[in-house]
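K.L.:
Below: one structure in structure tokens.
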DNA sequence: TTAAATTTTTAGATAAGTCTAAAAATTATT
DNA sequence: AATAATTTTTAGACTTATCTAAAAATTTAA
């Protein structure tokens with residue numbers, strides 16, 4: 001049996017390496033989990049003994065196949081629960097993270113398959129992040145950050161690169177939620193901000209921080 | 001912050017005393033939690049220090065107002081999640097206990113109020129057990145065990161006094177789920193079994209163990 | 001290529017929750 | 001009322017997960 005804490009370490013390692021197979025350092029993990037490096041060393045030994053990670057002293061850590069499977073399963077659960085909270089319980093996209101963080105640890109394969117069906121097998125969560133299938137495969141989508149578009153081009157918002165409540169609420173206030181259509185009117189070299197037309201109706205100036213953290217599917 | 005283990009002890013104490021304010025013994029708790037008496041003594045000290053129970057050495061334990069509030073809140077969560085699993089995810093009544101046992105520990109008042117609304121404010125769970133409201137009040141319902149009915153009387157199944165998978169599946173096979181109508185045709189003094197008519201169609205002989213563990217609302 | 005800076009690991013403590021075995025207190029029995 | 005049986009608590013140990021401080025290994029820089 002794997003503990004919630006162990007699960008959180010596996011998820012952190014996956015988050016740091018993504019789909020690649022790079023090794024992550026002890027310090028990277030400790031920064032991600034907000035814990036001491038000494039605690040990470042301890043946990044790494046335990047996970048290594050269980051065969052969930054491959055690790056060499058001073059060299060770093062990478063997930064084993066088994067560890068990767070658990071990590072993607074956690075992400076799958078987390079994102080499916082987020083869909084549930086938003087679609088069924090009417091939470092907003094900035095309210096769901098902490099609750100999903102708890103729900104992802106509920107142990108029942110059967111439960112998650114039924115939840116998936118109940119939700120209509122969604123492929124993306126309320127933030128536009130892909131929901132891995134049972135085998136851990138993530139849906140691919142052609143996307144770029146809004147900052148990469150040139151004047152005259154447009155795109156549809158499909159995701160965010162930052163999940164803070166503050167950022168998500170700010171996007172709401174700009175009508176820049178998922179599905180919003182954005183056309184680049186003008187870019188300002190000075191601070192890399194850009195003037196855009198949102199949903200063919202409202203002009204808005206966006207800082208580079210915003211445009212870099214917004215993913216769009218380029219159109220036209 | 002209260003731990004899951006602490007929550008489980010409070011729930012066990014509540015289960016043992018019910019709505020009364022009797023003291024429960026250390027051994028009773030250890031039997032309920034399936035743990036050693038020594039562990040119970042340790043935990044009792046901790047809960048007492050937190051003001052969640054009132055306890056005197058060798059005299060027994062009872063819940064404080066605060067402890068009772070937490071216990072009923074856990075039961076509320078457990079039963080609401082059971083309704084969700086059965087009504088929305090199409091689980092059967094014998095499959096939901098273990099999953100609800102995990103879900104009841106998810107911490108979010110907001111979540112449970114929204115779940116309650118999503119489910120249409122149910123008053124009873126899939127086993128017929130009452131769901132306490134936010135203030136911890138249980139709905140009252142006039143009910144007796146089937147064994148208490150006399151020949152000629154009838155009732156509608158509204159609850160069970162045993163929640164084992166075996167018992168619930170057995171009831172299913174007899175078409176004796178919640179809502180079933182039962183009329184007593186004959187009782188046998190010898191072993192306290194009774195012959196009944198289920199849903200005005202099928203005759204069945206029920207052992208006293210069954211009739212004692214089935215709650216009905218008497219009709220006629 | 002040696003010294004300085006950084007990263008990682010070890011050593012030793014602490015807290016929660018569990019256990020067994022033994023001691024203490026209470027209750028039951030003769 | 002004294003003894004026996006039962007219940008409860010204490011004592012001491014173990015595991016998981018955490019910490020700080022110090023030691024060891026590695027990397028960077030002069």
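K.L.:
Of B:34, B:74, B:168, which has the largest mean-square fluctuation in a 10 Å C-alpha GNM of chain B?
P.N.:
B:34
K.L.:
Across the stretch A:21-72, how large is the tail of the calculated P(r) beyond 18 Å, expressed as a percent of all Cα pairs?
P.N.:
Details: 308 of 1326 pairs.
Value for the stretch A:21-72 (Cα pairs over 18 Å): 23 percent.
K.L.:
While we're looking at this one, here's another question. With 5 Å bins from zero, work out the P(r) of chain A over every alpha carbon pair and list the percent per bin.
P.N.:
1, 7, 13, 16, 15, 14, 13, 10, 6, 3, 1, 0
K.L.:
Shifting gears a bit: Can you list the copy-to-copy distances for residue A:69, using a point 7 angstrom from Cα toward Cβ, in nanometres, shortest first?
P.N.:
Output for residue A:69: 4.6 nm, nearest copy listed first.
K.L.:
Measuring label to label, 7 Å along Cα→Cβ, what does residue B:58 give against each other copy in nm, shortest first?
P.N.:
Nearest first, the other copies' label points are 6.2 nm away.
K.L.:
I'd like the mean, over residues of A:103-115, of how many other protein chain beta carbons sit within 10 Å of each residue's own Cβ.
P.N.:
On the way: counts 5, 0, 3, 6, 3, 7, 0, 4, 9, 0, 1, 5, 4.
Counting Cβ atoms of other protein chains within 10 Å of each residue's Cβ and averaging gives 4.
K.L.:
May I pose another question? Roughly how many nanometres apart are two label points built 7 Å out from the Cα toward the Cβ at residue A:141 and residue B:3?
P.N.:
4.1
K.L.:
Further, regarding this structure: Between residue A:134 and residue A:27, what is the spin-label point distance in nm, taking each point 7 Å from the Cα along the Cα→C-beta axis?
P.N.:
4.3
K.L.:
Any chance you could give the angle, 0 to 90 degrees and rounded to 10, that helix B:65-87 forms with the longest Cα principal axis of chain B?
P.N.:
40
K.L.:
Report, in deg cm²/dmol and to the nearest 500, the calculated mean residue ellipticity at 222 nm for chain B, where each DSSP H run with n ≥ 4 adds -39500 (n - 2.57) and the sum is divided by the residue count. Mind dumping the intermediate values first?
P.N.:
Working: 8 runs with 90 residues, N = 220.
Value at 222 nm, helices only: -12500 deg cm²/dmol.
K.L.:
So how compact is the stretch B:59-113: Cα radius of gyration and Dmax in angstrom?
P.N.:
Cα-based Rg and Dmax for the stretch B:59-113 come out at 13.3, 46 Å.
K.L.:
Counting every Cα pair in the stretch A:1-103, what percent are over 20 Å apart? Let's see the in-between values first.
P.N.:
Values: 2097 of 5253 pairs.
The answer is 40 percent, as a whole percent.
K.L.:
At what distance in nm do the modelled label points of residue A:123 and residue A:164 sit from each other, each positioned 7 Å from its Cα along Cα→Cβ?
P.N.:
For residue A:123 paired with residue A:164, the spin-label model returns 3.2 nm.
K.L.:
Same structure again: Please report, in whole Å³, the volume per residue of the convex hull around the C-alpha atoms of the protein assembly as shown. If you can, show how the numbers build up before the last one.
P.N.:
Values: hull volume 92.8 nm³, N = 440.
Roughly 211 Å³ of hull volume per residue.
K.L.:
Normalised radius of gyration for the stretch A:167-220, please: alpha carbon Rg relative to 2.2 N^0.38 Å, two decimal places.
P.N.:
Details: Rg = 10.6 Å, N = 54, 2.2 N^0.38 = 10.0 Å.
In units of the globular-protein estimate, the stretch A:167-220 measures up at 1.06.
K.L.:
For helix A:109-118, report the angle its Cα long axis makes with the longest principal axis of the Cα atoms of chain A; keep it between 0 and 90° and round to the nearest 10°.
P.N.:
Around 20 degrees separate the two axes.
K.L.:
Just the Cα atoms of the stretch A:115-201, one point each, no solvent: what log10 I(q)/I(0) does Debye give at q = 0.15, 0.21, 0.26 Å⁻¹?
P.N.:
-0.67, -1.10, -1.36
K.L.:
To the nearest whole number, what is the average tally of beta carbon atoms from other chains within 10 Å of the beta carbons of peptide B:19-31? Don't jump to the answer; show the numbers that get you there.
P.N.:
Values: counts 0, 0, 0, 0, 0, 0, 0, 0, 0, 0, 0, 0, 0.
Per-residue shielding by partner chains comes out at 0.
K.L.:
Whole Å is fine, so just give me how far the alpha carbon centre of the stretch A:4-44 lies from that of the stretch B:29-89.
P.N.:
If we compute the Cα centre of each part, the gap is 35 Å.
K.L.:
A further question follows. For the stretch B:54-159, just say rounded, prolate or oblate: build the C-alpha gyration tensor, square-root its eigenvalues into a ≥ b ≥ c, call rounded for a/c under 1.5, and beyond that prolate if a/b exceeds b/c, oblate if not. Intermediate values should be presented prior to the final figure.
P.N.:
On the way: a/c = 2.01, a/b = 1.16, b/c = 1.74.
Oblate is the answer for the stretch B:54-159, as a/c is 1.5 or above yet b/c matches or exceeds a/b.
K.L.:
Rounded, prolate or oblate: which fits the stretch B:112-156, taking a ≥ b ≥ c as square roots of the Cα gyration tensor eigenvalues, rounded meaning a/c under 1.5, else prolate when a/b beats b/c?
P.N.:
Values: a/c = 4.42, a/b = 2.69, b/c = 1.64.
In terms of gyration-tensor shape, prolate.
K.L.:
Next question, about the same structure. Using only the alpha-carbon atoms, how far is helix A:4-17 inclined from the longest principal axis of chain A? Give it as 0 to 90 degrees, nearest 10.
P.N.:
Helix A:4-17 sits roughly 50 degrees off the main axis of chain A.
K.L.:
Which distances, in nm and shortest first, link the residue B:203 label point to the same label point in every other copy, taking 7 Å along Cα→Cβ?
P.N.:
Relative to the other copies, residue B:203 has label-point distances of 8.8 nm.
K.L.:
Let me ask something else. Three principal axis extents, largest first, for the C-alpha atoms of the stretch A:9-49, in Å?
P.N.:
26, 23, 14
Every number here is computed from the coordinates shown, using simple stated rules; none is lab data. No experiment lies behind these values; they were computed from the predicted model shown. Cβ: placed from backbone, ideal geometry, glycine included. Neighbour counts: every protein chain shown.
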